[in-house]
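Below: the structure, in C-alpha cells.
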Amino acid sequence: MAKHSKSQIALEYALARSILWSLGALPRRAAIAVGLGVGYVAYHLLGKLRRAGQRNLEIAFPDKSENERRQLLRGSFSSLGRLLGEFSQLPKATPEKLRQLIEYDEVGLRHLREAEKNKRGVIFLTGHLGVWELHSFGWSALEYPLSFLVRPLDNDRIEEMVERIRTRFGNRAIDKKSAARQSLRVLREGGTLGILSDLNTQPNEGVFVPFFGKLACTTAGIATLALKTDAVVIPTCAIWDRKKKRYFFHGDPPVDLVRTGDHAKDIQVNTANFAAAIERMVRLYPDQWLWIHKRWKTRPPGEAEIY
C-alpha cells in the first residue's frame, strides 16, 4: 500500500480532528443525533458500501425479503453513525456518566469473575457489533484497563489521536503486526485481551470456517493464543438497547476449548467455534453489525469472487 504524502496526512488529520472536535463540543444527545444523520446520508450516498452490505445480507439471510434486508442495512448505517457520535464524547466522559449509560450482562460477568478468581487470562471475543469503541473504553473506566489488538490506520496522526482517546483510562493498544509475544504475556499474567474477530482475513493468517453458512477466512490467532495460555474465551459485545435507552454489554458463556492432540485440527475446530459464537451475537442484533465490510472477500482456492 502506498504511503500517504505529508500534505495528505495533514489534510486528513485536520478533517478528522475538526469532525471529532465539533461533535465533541455538542451535548451528547445532539452529537448522536448528528451522527445518526451522517449515517442516514452515508446510506444514500455511498453506493459501493451499500451494495457490499446488500450482498452480505443476501448471503447471511437468504430467506428474508429484500425490504427486510434493506431495513437491516439502514440500521447498520445508523449504528455506525451512533458510534461516531458516541466516540466524540469519550474525551469528556466520566466514570459516573458511563455508569448511568451502561448495563452489564450478569451471565458474562459471572464467568469473568470466575476466571479472575482462578487467575486465568481472558479473551473478550468480540466484533464490529454495536458500539465496539465504547465496549473497551467503558470497561477501562468502570472495571479495569485491558489490552486490545488494533490494526493501525494508514494515517499516523489520526491513529495517535484515536489511540489517545481509547487509552484514556489506562487501556493498552497492541499492534496486530507484532502482537504474538505481547498478547501471550498479557494472558499468561492473567490479564484481559480484547480482539475483534469478525473481519476478512488473508489465507496466511487464517483458516476457512463457516460463517452464516458460507466459508469465511477467519483469523487463527485467537485459537492459537487460547490454546497456548488456556485463556477463558468470552463472546461479548456492546449494543444499543432502544427500550432502555442504554448500552447493554452482552456476554455469552465461555467457548469451551477443544483439544484433540492434533494442532492443525484444534486450530480449525476452535476457530469455527469462535466464528459460530460471533454469528450467534450478530443474529441477536443484526441491525447493529458492520454489514458493509466484505467479510467473504477471501475465497478458497478455485472458488469464484462473490462481490
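The values are calculated or read from the model by the stated rules, or taken from the named source; none is laboratory data. Bear in mind the structure is a predicted one, so any value in this text is a computation, not a measurement. Every residue, glycine as well, gets a Cβ built from its backbone with ideal geometry; the counts of neighbours run over all protein chains shown.
Points to keep in mind about this one:
- Taken over region 23-50, residues that are of a type outside the set (A, V, I, L, M, F, W, C) and in contact (Cβ under 8 Å) with a residue 12 or more places away in the chain amount to 8.
- Some residue of region 144-158 being farther than 20 Å from PHE87 by Cβ, surrounded by fewer than 18 Cβ atoms within 10 Å (Cβ to Cβ) and not aliphatic (A, V, I, L, M): yes
- Reported count of residues in region 14-53, each being in contact with an Asp or Glu (Cβ under 9 Å, 6 or more places away or on another chain) and surrounded by fewer than 18 Cβ atoms within 10 Å (Cβ to Cβ), is 1.
- Criterion violated by GLU133 - all others in (1) surrounded by 19 or more Cβ atoms within 10 Å (Cβ to Cβ); (2) closer than 25 Å to TYR285 by Cα satisfied: (1)
- Looking only at residues of region 85-121 that are of a type in the set (Gly, Ala, Ser) and over 18 Å from PHE249 (Cβ atoms), we find that the one that is surrounded by the most Cβ atoms within 10 Å (Cβ to Cβ) is GLY85.
- Considering ARG50, ARG69, the condition of being out of contact with any Gly (no Cβ under 9 Å at 6 or more places or on another chain) and under 17 Å from TRP289 (Cβ atoms) is satisfied by ARG50 alone.
- Extreme residue, farthest from the chain's Cα centre (by Cα), among residues of region 281-307 that are surrounded by 16 or more Cβ atoms within 10 Å (Cβ to Cβ) and β-branched (Val, Ile, Thr): THR298
- Strands (runs of 3 or more DSSP E) enclosed by region 42-159 - at least 3 residues per element that are more than 30 Å from ILE306 (Cβ to Cβ): 102-104
- Matching residues, region 169-187, being outside any helix (DSSP H, G or I), at pLDDT 95 or above and surrounded by fewer than 16 Cβ atoms within 10 Å (Cβ to Cβ): GLY170
- Among (1) over 15 Å from the mean Cα position of the chain (by Cα); (2) among the acidic types (Asp, Glu); (3) crowded, with 18+ Cβ neighbours inside 10 Å, the one test that ASP256 misses: (3)
- Checking the stated criteria, ILE9 turns out to be surrounded by 16 or more Cβ atoms within 10 Å (Cβ to Cβ) and assigned to a helix (DSSP H, G or I).
- Looking at GLU160, GLU133, GLU143, just one residue is under 18 Å from CYS237 (Cβ atoms) and free of Cβ contacts under 8 Å to residues at least 24 places away in the same chain, and that residue is GLU143.
- Total residues in region 221-249, condition within 24 Å of ALA264 (Cβ to Cβ), buried (at least 20 other Cβ atoms within 10 Å of the Cβ) and not small (Gly, Ala, Ser): 6
- Residues being closer than 17 Å to VAL162 by Cα and aliphatic (A, V, I, L, M) - total across region 10-44: 9
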